[in-house]
Amino acid sequence: MSTPIDAQGLQTILDNSLTPAAIRVVELHGARYTRRSLLDHIFKPLVETGSNPNCTLGDVVSSISTAQAKLSRLGIFVEDSFRVFISDARKDVSVHPERTDLDIAFNVKERSRLALGAGTDFGNTEGSAYTNAELRNIFGGAETLTVNARTGTRTRSAYNAIFSAPINGNPDIRLAAETQRSSTQKPWASHEENLTGAGLRLDWQKADNGDTHSIAYSSIWRQITGLLPSASPTVRADAGDSLKSSITYTFTRDRFNRAAAPSPTLPQSGYLLRAVSELAGWGPLQGDVSFSKTEVELSTASPLPLPGVKPTSGISIGGGLRMGLLYPLPFGFNLTGSAMPSRINDRFQLGGPTDVRGFKLGGLGPHDGADSVGGDVYAAGGVNLLFPLPRTGPDSPLRFQVFANGGRLVALKHKGKSKQGQGDGDPLRIDSGAVRRSVSSAVSELASGLPSLAAGVGLVYAHPAARFELNFSLPLVMRRGEEGRKGLQVGVGISFL
């Protein structure tokens, strides 16, 4: 008798979950182009469970669920094609009369090995049009080759190719090799940046809690070019070529309850923690820039119960906090040598419709004339209150929001200039003591006085692909040289402060 794991079959299994069981055969149907060695990694734990003398029917079902989840995460099978059948195997009842021997059959359908696509995409501060081609399961081991080309509102052109494959058949650990080339306009700093590079990346995810980790090495040739006639001396000083060789580690813990939200881009409860650390040019790393750079982001959301209002009304309060520090380092393995000041294409930018609303893109922090030249230390935070629009209800992706946000962006002001360049032949170099004093001074300045602040109201539409905001903003506190944005401001992105 064959029992599919549907609602009726699941109830039968639950009623007999403590029954001793063993697995005699495991079969997979429909994996025409997938290697046996990959599938062995998926089904080995299932077979081991079924050979345990103390195994029960409940243990078998749990192992089947784990194997099916792994098959799904490989990304090479159609999601709604999975079918699992459990059959009583023919046996000699005189051997183990108290145990049920089972035959397990998985039915799957492989996704198309070639996929072509075109469309529009939205990232923070930019919309773009793209075309891509994806080759799946190239050698039968869930390998993927993706080639992408795009152009956007700021990106003149961008091309990249990524080849990735799971390690030892584990869908939660993937190794990827990437090449890229792009040309992006930076109107807030009167130039264009061209990037050409390649890298390796190892991604892994904890299956039990969903935490994701990534460690990547990249070597990128950067060009600051296409300077406008109005470009400031700071931008002109950094113009030209530079080579960055770096290692980056990223940790992400996403505990937002997106399944219960009106849209994945508008979670109503939970939190998100992300940390990114980059080391460039130090130790064995090459290139002509050397620094450590760290950013931390925390976002939260919670339903807001009001007197006389149901908890499921769709009213929620959210908040976010972001901080970052760029620390110049000496080249090589020397921690006490002299370092070069940071470049404009490595420093942080702050301000715009997706982080500190009420300010122009790059409107906060140091400026040279009309150019935003970035900073080395920053902190920004915000809070917003979301209400469903009248007659829409809590399940609608439309919201009315009231928000307040602010931030500070500070550049290192290197002291001890009389010591610059000693023994290095470069007058721009700063000794390690001066770097420490500059960082300490910048952090102190960050915490002194009010941050630049803005408040406002607006409409939010949470599309599954991106979040759209139309806000009326009013800058409340603004420092000299910073550029506020009073009035209407449109924001499109996937991550907002």
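FYI, it's all coordinate maths here, none of it is from the lab. Bear in mind the structure is a predicted one, so any value in this text is a computation, not a measurement. We place every Cβ from the backbone using ideal geometry, glycine too, and count neighbours over all the protein chains shown.
So for segment 98-240, averaging the separation of alpha carbon pairs under 8 Å that are six or more residues apart and normalising by length, what relative contact order in percent results?
Details: 292 pairs, mean separation 19.0, N = 143.
So the answer I get is 13 percent.
Decide, for segment 114-493, between rounded, prolate and oblate: order the square roots of the alpha carbon gyration tensor eigenvalues as a ≥ b ≥ c, take rounded if a/c falls under 1.5, and otherwise choose prolate if a/b is larger than b/c, else oblate.
Numbers: a/c = 1.70, a/b = 1.20, b/c = 1.42.
Oblate is the answer for segment 114-493, as a/c is 1.5 or above yet b/c matches or exceeds a/b.
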Tell me, what ³J(HN,Hα) does each residue in segment 286-296 have, in order and in whole Hz, if you take phi through Karplus 6.51 cos²θ - 1.76 cosθ + 1.60 with θ = phi - 60° and put x for Gly and Pro? 9, x, 10, 10, 9, 6, 10, 9, 10, 10, 10
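Find the relative contact order for segment 297-375 and round it to a whole percent, using C-alpha pairs within less than 8 Å whose residues are 6+ positions apart. Spell out each step's value before the answer.
Details: 102 pairs, mean separation 14.0, N = 79.
Relative contact order for segment 297-375 comes out at 18 percent.
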Karplus-derived 3J(HN,Hα) from phi for segment 378-395 (6.51 cos²θ - 1.76 cosθ + 1.60, θ = phi - 60°), whole Hz, x at Gly and Pro, runs 8, 8, 8, x, x, 9, 9, 10, 10, 10, x, 6, x, 6, 9, x, x, 8
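Kindly put D355, D59 in sequence by how many other C-beta atoms sit within 10 Å of each C-beta, fewest to most. The partial results should precede the final answer.
On the way: D355 25, D59 17.
Ascending number of Cβ neighbours within 10 Å: D59, D355.
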Can you give the relative contact order of segment 360-404 as a percent, counting alpha carbon pairs under 8 Å and 6+ residues apart? 28
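Going down the table (K186/K244; K293/K413; K186/K293; K70/K109; K244/K293; K70/K293), which pairs top 24 Å between alpha carbons?
Working: K186/K244 19 Å; K293/K413 17 Å; K186/K293 21 Å; K70/K109 15 Å; K244/K293 13 Å; K70/K293 35 Å.
Beyond 24 Å: K70/K293.
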Helix 432-447 sits off the longest principal axis of the Cα atoms of the chain, rounded to the nearest 10 on a 0 to 90 degree scale, by 80
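Treating only the Cβ atoms of Lys and Arg (+1) and Asp and Glu (-1) as charged, compute the dipole magnitude of the chain about its Cα centre; round to the nearest 20 debye.
1180
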Gap separating the Cα centres of segment 160-227 and segment 425-497, nearest whole Å: 25
Fewest-first ordering of L243, L325 by Cβ atoms within 10 Å yields L243, L325
Residues meeting the amide H criterion for D101 (H placed from the backbone, H to H distance under 5 Å, 5 or more places apart or on another chain) are A22, A89
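Could you order the peptides 348-354, 430-436 from most to least packed, using the average number of other C-beta atoms within 10 Å per residue? Please report the intermediate quantities before stating the final value.
Details: 348-354: 23.7, 430-436: 18.6.
Descending packing order for the listed peptides: 348-354, 430-436.
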Taking amide H positions as placed in the peptide plane 1.01 Å from N, state which residues far from K186 in sequence (5 or more) or on other chains have amide H under 5 Å from it. H191, E192, E193
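Need one word for segment 252-367: rounded, prolate or oblate. Basis is the Cα gyration tensor (sqrt eigenvalues a ≥ b ≥ c); a/c below 1.5 gives rounded, then a/b vs b/c decides. Each step should come with its number before you reach the end.
Details: a/c = 3.96, a/b = 2.37, b/c = 1.67.
Prolate shape, in that a/c is at least 1.5 and a/b is the bigger ratio.
Using 0.36 nm times the number of residues separating N257 and L135, minus their current alpha carbon distance, what extension gain do you get? List each step's numbers first, then the result.
Working: separation 122, 0.36 × 122 = 43.92 nm, distance 3.21 nm.
Stretched out fully, the N257 to L135 stretch lengthens by 40.7 nm.
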